[in-house]
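The values are calculated or read from the model by the stated rules, or taken from the named source; none is laboratory data. Quick caveat, the model's predicted, so the values are computed rather than measured. Please note: Cβ atoms are built from the backbone with ideal geometry, for glycine as well, and neighbour counts cover all protein chains shown.
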Amino acid sequence: MTNPVTYETQGAIAVLRINNPPVNALSQAVRQGLSDGMDRAEADRDVKAVLIVGEGRAFIAGADITEFGKLPMEPNLPDLCTRIESSPLLVAASMHGVTLGGGLEVALGTHYRIAQPTARLGLPEVHLGLLPGAGGTQRLPRLTGADKAIEIMISGRQIKAAEALELGLLDKVEEGDPQEVGLAFVNELLANGAPRRAVSELPAAAPIDWEAAHAGALKKGRGQINVGTIVRAVQAASELGFAEGMERERGLFMELLQSDQSKGMIHAFFNERAVSNLPELKGVAPRALNAIGVIGGGTMGAGIATAALLAKLDVVLIETGQEQADAARGRIEGNLQGALKRGKISQPQYDALTTKALTLATNYASLGEVDLVVEAVFEDMAVKKEVFAKLDAACKQGAILASNTSYLDVDEIAAATSRPEDVIGLHFFSPAHVMKLLEVVVADKTAADVVATGFELGKRLGKISVRSGVCDGFIGNRILAAYRTAADHMVLDGASPYQIDSALTGFGFAMGPFAVGDLAGLDIGWMTRKRKAADRHPDERVPTYADRLCEEGHFGRKTGAGYYLYEAGSRASVPNPRIPELIAAEQAELNITPRDFSDEEIVRRYMCAMVNEAAKVVEEGIARRPADVDMVLLFGYGFPRYGGGPLKWADLQGLAGVLADIEHYAQEDAWFWKPAPLLKSLVADGRSFDDLNRAGG
Ligand code: 3HC
Ligand code: NAI
C-alpha cells in the first residue's frame, strides 16, 4: 500500500502532503504517515519547520468514520495531535476545502494556521453523536472562550475563513495554491524568528455558568445526549490542567462512541449517502433535465415548483383556470420570498425566478419542451388517469411523466399512457421545498434511465432519494398507517392522544401522531377510512371517534380545531375538550373499560407496530434494504436522527425482545399484531437488520 502522506523538503521546510481520497479522512495509514513524517523532519538537521497540506478537495474531513466500532489502531489521533504540537520544529497547516473534526484538531495541534478564503472549518462530531475527541474540546476554548467553543461544537456548523480568522482559529487567509501560500507564510515566520506556539499552553478559558450552559444545550438537543457531554468536556478544559482535560475528553468520547445514539447517527451518516447507490443503475445515464412541468399548483405542486426553481430548473406549471393559476403563483412567490428573507437567494435572483424561470399556464400545449412532468392534482384515480392521458398527448417523446400520488397505484396510472416505461412515481413530502425526502416509486414497466433521472432530480433538489416499489402508501405512508393504527388502538383502550403525543416527542419524534394528523388535515384519513370500509376484515379494530369530529366539520389546523384547538394567527394549541367526550362515548358503546398506559408502553407499542410493518415492507421488496426504510422515517416522518431509524432501533433493542412483545400484543389482537415473517426468521437465525444491509438487501 502506498503511503498516503508524502514527504518532501522545500528549503528548510518539510512538506507533509496528505493524499487519501476522497476527503483525506485520518485513517490509520494517514495518522502513521503524519507521525513518521514528523519523526523524519525532526531527524533532518536542515529542516526548521513542517507544513501540513492536503491533496484534492479537502484539507482533512476528520477521523475515518469507517474505523469507528473497530479495534483502535495506533497511533491514536489525540496522541498524534499532541505529538505534532510538542515538536521542537515550527509546524503550520495550510488549509483548503473543508477542515473538519479531527482535521481541525490536527490543525489546532500545529503552531500556525493559514487558509484559502473559500476554506471552511468546523467540528461536526455532534452530528455523529460524539464530541471532538482529539483535543478539540480542550484547545478550541483556549482560543475562542468557552461560550463560543460550545456554540461551534453544538451547532457543528462550518465556519467560513473570514470568521475563523476573527475568532483566532486562523492566523492568515490568502488565496493561491495552498502549498505555495503555506510555504511563503512559513518562510516569513522563520525569517521573523516566530516562536513555536502551542494552543495547549494558552491560559484555560474563563469559567461560565456551566449548569445553565448544560441545561440550555440539552434543551436544544431535544433528547440528544452528546450536546450536554460537550459542555462537560469544555468545563473540564476550564477547570483542569491540559493533560487531565485531555484524559477527561477521551473518557467522555469513548462513552459516547459506545452509545446507541452515536450508533444511530453514524448509521444515518452512511445510509443517507448509500440509499441512492442502486447497483442496477450503475452505468445508466439519466435523461436530460433542464425544464420541468408541474400539474396542479396546490400545496404540493407549488412546493415542488419552488424546489425546482431554487435548483435552477425552468418550470411550467399547469392549473385548471386563471384564478387557480394566480393562486398557485401566489403560493410559489410566498415560498420564494421566504428563501429571499433567509438569504438563500438575492432580490435579482428572486426577480429572475418569478419572471423568466417560471411560467404559469392553463393549457397542456405549453408542456411541449419540458423534460419531466410531476403531476400533483387531487388524489383521485380518475382525475390522475385523465391528466396522464393528456400528458401522453402533449409531452415530447422521451419526456418523463411522474406522479406525486401518496397512495395510488402507479402501474394503473402508467397504463393510462402509451408509454408506461416513461412513467414513475416521485413522492415528495410537504412542504416539498423544505422536506428532504423523495420516494422514487418504480413501477413494473419503468425504464432504468427513468429511475436514474428520478434520482438525478432528487440530487439536484438536494433531497435524500429512496427507491420504493408500488404498494398502498409506498414505504413511508404504509408504515405510517400501521403505527398510527397502533396509536388509535391505545386511545380506545385508555391512553389520551395528548399523552401519546407527549410520550413520542419525549422519545424524540419531531411531533406526535395526533399533532401530525391535525397538520396534514384529518379529512385525508377520514376519506381513506371511507374508501377502505367495504373491504374491512370483521376482526379489524377501527376507531370512529375521529370520524365524528370530521362530521362536525373539524379537519385539524386548517379549520382551527382537530385533536387540538388552534387560535387564528397563533401557532400555539391546546387540547380540544370535545375529544375526550367523543372517545368516552365510543368506549361506552364498545364496552371498553379504559386502563392506564405508561409512556414507556406507549412508545414500545408504537415502535413495535412500526418495526413489524417495516419488516414486511423489506420482505416484500418494496424497500430495497432495511436502511432504506430507516432513511424514509428519518427524512420524511420526524424520526429522531439519533435513533437511526426504526430498524436500527430494533437492532439496538434486540430483535428477540421486539418479536416477543409483538407476540404478546397479538394475544389481545391477533388481526393487527401479525408478526412479520422476516422478523421471525432473523430472530431464529440470530441475525439483525444490519446484517441484511451489509448483504445488500
Ligand atoms: N470518514 C470516512 N469517510 C468519509 C468521511 C470520514 N470522515 N467523510 C466523508 N466520507 C466519505 C463519504 O462516506 C462518501 O463516501 P461514498 O462516496 O462511498 O458515499 C465520500 O467520503 C464523499 O463524501 P460526500 O458524498 O459526503 O461528499 P461531499 O463533498 O458532499 O461532502 C464532507 C464532503 C463535507 C467532508 C462530508 O462528507 C462530511 O461532512 N463528512 C463528515 C465529516 C465529519 O463528520 N468529520 C468528523 C469525523 S469524527 C471525528 O473527526 C472524531 C474526532 O474528533 C476524534
Ligand atoms: P391540493 O388540493 O392542495 O392541490 C391540488 C391542485 O391541483 C389544486 O390547486 C387544483 O386546482 C389542481 N388540479 C386539480 N385537477 C387538475 C387538473 N386536471 N389539471 C391541473 N391542475 C389540477 O392537493 P395537494 O395536497 O397539493 O396534493 C396533490 C397531490 O399530492 C395528491 O396526489 C396528494 O395525495 C399528493 N401528496 C400530498 C401531500 C400533502 O401533504 N398534502 C404529500 C405528498 C403527496
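Below is a table of values for the structure above.
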item	result
Test: residue in segment 376-397 that is more than 10 Å from ligand 2 (Cβ to nearest atom), of a type in the set (Lys, Arg) and in a helix (DSSP H, G or I)	yes
Any helices (runs of 4 or more DSSP H) falling wholly within segment 406-501 and containing at least 3 residues that are modelled with pLDDT under 95, in the same structural domain as GLY645 (by TED's automatic domain parsing) and in contact with a helix residue (DSSP H, G or I) (Cβ under 6 Å, 6 or more places away or on another chain)	none
Residue list for segment 46-71, filter: within 11 Å of ligand 1 (Cβ to nearest atom), farther than 15 Å from GLY109 by Cβ and not small (Gly, Ala, Ser)	ARG57, ASP64, ILE65, THR66, GLU67, PHE68
Tally, over segment 413-462, of residues that are more than 16 Å from ligand 2 (Cβ to nearest atom) and of a type in the set (Val, Ile, Thr)	5
Leading residue by the ranking (farthest from ALA58 (Cα to Cα)) among those in segment 83-104 that are more than 13 Å from ligand 1 (Cβ to nearest atom) and surrounded by fewer than 24 Cβ atoms within 10 Å (Cβ to Cβ)	PRO88
Residue that is nearest to GLU379 (Cα to Cα), among those in segment 273-303 that are within 16 Å of ligand 1 (Cβ to nearest atom) and surrounded by fewer than 23 Cβ atoms within 10 Å (Cβ to Cβ)	SER276
Residues located in segment 98-114, provided they are touching a helix residue (DSSP H, G or I) at 6+ places or on another chain (Cβ under 8 Å) and in a helix (DSSP H, G or I)	GLY102, LEU104, GLU105, VAL106, LEU108, GLY109
Some residue of segment 156-179 being of a type in the set (Val, Ile, Thr), modelled with pLDDT of 95 or more, within 16 Å of ligand 1 (Cβ to nearest atom) and closer than 23 Å to PRO207 by Cα	no
Residue in segment 415-431 that is in contact with a Ser or Thr (Cβ under 9 Å, 6 or more places away or on another chain), among the aliphatic types (A, V, I, L, M) and either within 16 Å of ligand 1 (Cβ to nearest atom) or closer than 22 Å to PHE635 by Cβ (or both) present	yes
Selection count where residues are assigned to a loop (DSSP other than H, G, I, E, B) and either within 16 Å of ligand 2 (Cβ to nearest atom) or in contact with a helix residue (DSSP H, G or I) (Cβ under 7 Å, 6 or more places away or on another chain) (or both), scope segment 284-303	8
Residue satisfying all of: in segment 665-679; touching a residue at least 12 places away in the same chain (Cβ under 8 Å) and assigned to a helix (DSSP H, G or I); surrounded by the most Cβ atoms within 10 Å (Cβ to Cβ) among these	LEU679
Condition check for ALA107: more than 9 Å from ligand 1 (Cβ to nearest atom) and more than 22 Å from ASN76 (Cβ to Cβ)	no
Of the criteria (1) assigned to a loop (DSSP other than H, G, I, E, B); (2) near ligand 1 (Cβ under 8 Å from one of its atoms), which one GLU125 fails	(1)
Among the residues listed as PRO117, PRO132, the single one being in a loop (DSSP other than H, G, I, E, B) and either under 24 Å from ARG196 (Cβ atoms) or within 16 Å of ligand 2 (Cβ to nearest atom) (or both)	PRO132
Residue that is farthest from the chain's Cα centre (by Cα), among those in segment 19-58 that are of a type in the set (Lys, Arg) and surrounded by fewer than 16 Cβ atoms within 10 Å (Cβ to Cβ)	ARG45
Count - residues of segment 125-154 that are of a type in the set (Ser, Thr, Tyr) and either out of contact with any Phe, Trp or Tyr (no Cβ under 9 Å at 6 or more places or on another chain) or not assigned by TED's automatic domain parsing to the domain that holds ALA204 (or both)	1
Lone qualifier among PHE253, PHE270 - being closer than 30 Å to ALA510 by Cβ, at pLDDT 95 or above, among the aromatic types (Phe, Trp, Tyr) and not assigned by TED's automatic domain parsing to the domain that holds ILE152	PHE270
Filtered residues of segment 547-581 (kept if in a helix (DSSP H, G or I), in contact with a Leu (Cβ under 6 Å, 6 or more places away or on another chain) and among the hydrophobic types (A, V, I, L, M, F, W, C))	CYS550
In segment 451-510, residue farthest from the chain's Cα centre (by Cα) [restricted to those that are more than 21 Å from LYS282 (Cα to Cα) and acidic (Asp, Glu)]	ASP493
Restricting segment 621-648 to residues that are of a type in the set (Lys, Arg) and outside any helix (DSSP H, G or I), the residue that is farthest from SER688 (Cα to Cα)	ARG624
Selection from segment 319-372 of residues that are of a type in the set (Ser, Thr, Tyr), in a helix (DSSP H, G or I) and farther than 19 Å from GLY293 by Cα	TYR350
Tally, over segment 549-564, of residues that are touching a residue at least 12 places away in the same chain (Cβ under 8 Å) and at negative phi	11
Qualifying residue in segment 64-73 (condition: touching a strand residue (DSSP E or B) at 6+ places or on another chain (Cβ under 9 Å) and crowded, with 22+ Cβ neighbours inside 10 Å)	no
Residues satisfying the stated conditions in segment 165-196, i.e. closer than 20 Å to ARG139 by Cβ and over 39 Å from the mean Cα position of the chain (by Cα)	LEU189, ALA194, PRO195, ARG196
So GLY321, is it surrounded by 18 or more Cβ atoms within 10 Å (Cβ to Cβ) and either near ligand 2 (Cβ under 10 Å from one of its atoms) or not assigned by TED's automatic domain parsing to the domain that holds ARG419 (or both)	no
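Yes/no matrix, rows are residues, columns are (1) within 29 Å of the chain's Cα centre (by Cα); (2) within 16 Å of ligand 1 (Cβ to nearest atom); (3) modelled with pLDDT of 95 or more; (4) crowded, with 22+ Cβ neighbours inside 10 Å:
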| residue | (1), (2), (3), (4) |
| --- | --- |
| GLY330 | no, no, yes, no |
| LEU340 | yes, no, yes, no |
| SER346 | yes, no, yes, no |
| THR355 | no, no, no, no |
| ASP371 | yes, no, yes, no |
| GLU375 | yes, no, yes, yes |
| ALA382 | no, no, yes, no |
| LYS385 | no, no, yes, no |
| LEU401 | yes, no, yes, yes |
